[in-house]
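Here is the structure we will look at.
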Amino acid sequence: MKETERLFEPRERSDTRPLREGESLLAFLDRIGGSQRWNEVRDLLNAWLSRHPDAPRLKPRFATEFYPTFWELYIHETFLRLGFQAELEPAGAQHRPDFVFRRGADRLMVECWMSASSGFDRVQEFGPGASAVVPFD
């Protein structure tokens, strides 16, 4: 696995203290040890990131935007496990989705938003050959 495809380097971790005030979740996960479960969490996130087609862009975002970045990674992994092939943000689209997932004749465009994400006042609708931005009421 390339360095750009993993969040956590393999090393011994023995710190068992809980999440500290002001500590990011990424820093906590990189620090916490004392149980094989934490190694499993790190290994799982590393495996998911290694399968993401744009891992070098996604990796640094974990330090500043952990939850939205995790959500994008989770959605990508979910659709892979459902048998879809993923394409990243189609070039040239004005309001690009994060992914276009394909499985057989099925094509699904997905934008990964969290309720606190900017731009949540819009809903993107995709129809046959067209897309439109609609105000969110």
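As for the stretch 34-41, it holds no residue that is charged (D, E, K, R) and not in a helix (DSSP H, G or I). Residue check: LEU49 meets all listed conditions (1) of a type in the set (A, V, I, L, M, F, W, C); (2) open to solvent by 50 Å² or more (accessible area, probe 1.4 Å); (3) within 22 Å of MET109 (Cα to Cα) but one, namely (2).
Quick check on this structure: which one of GLU40, GLU111, GLU125, GLU87 is at pLDDT below 90, loosely packed, with under 13 Cβ neighbours inside 10 Å and of a type in the set (Asp, Glu)? Outline the logic, then answer.
Values: GLU40 fails: at pLDDT below 90; GLU111 fails: loosely packed, with under 13 Cβ neighbours inside 10 Å; GLU87 fails: loosely packed, with under 13 Cβ neighbours inside 10 Å.
One residue alone meets the criteria, GLU125.
When the stretch 8-32 is filtered for residues that are open to solvent by 40 Å² or more (accessible area, probe 1.4 Å), more than 21 Å from SER50 (Cβ to Cβ) and touching a helix residue (DSSP H, G or I) at 6+ places or on another chain (Cβ under 7 Å), the ones remaining, listed by number, are LEU19, SER24. Going through the stretch 1-39 one residue at a time, which ones are under 22 Å from the mean Cα position of the chain (by Cα) and of a type in the set (Gly, Ala, Ser)? Selection gives SER24, ALA27.
The values are calculated or read from the model by the stated rules, or taken from the named source; none is laboratory data. The shown structure was predicted, so the numbers you read here are calculated from the model rather than taken from an experiment. A quick note on method: Cβ atoms are made from the backbone with ideal geometry, for glycine too, and the neighbour counts reach across all protein chains shown. Accessible surface areas use protein heavy atoms only, side chains included; no ligands, DNA or RNA. Shrake-Rupley method; radii C 1.70, N 1.55, O 1.52, S 1.80 Å.
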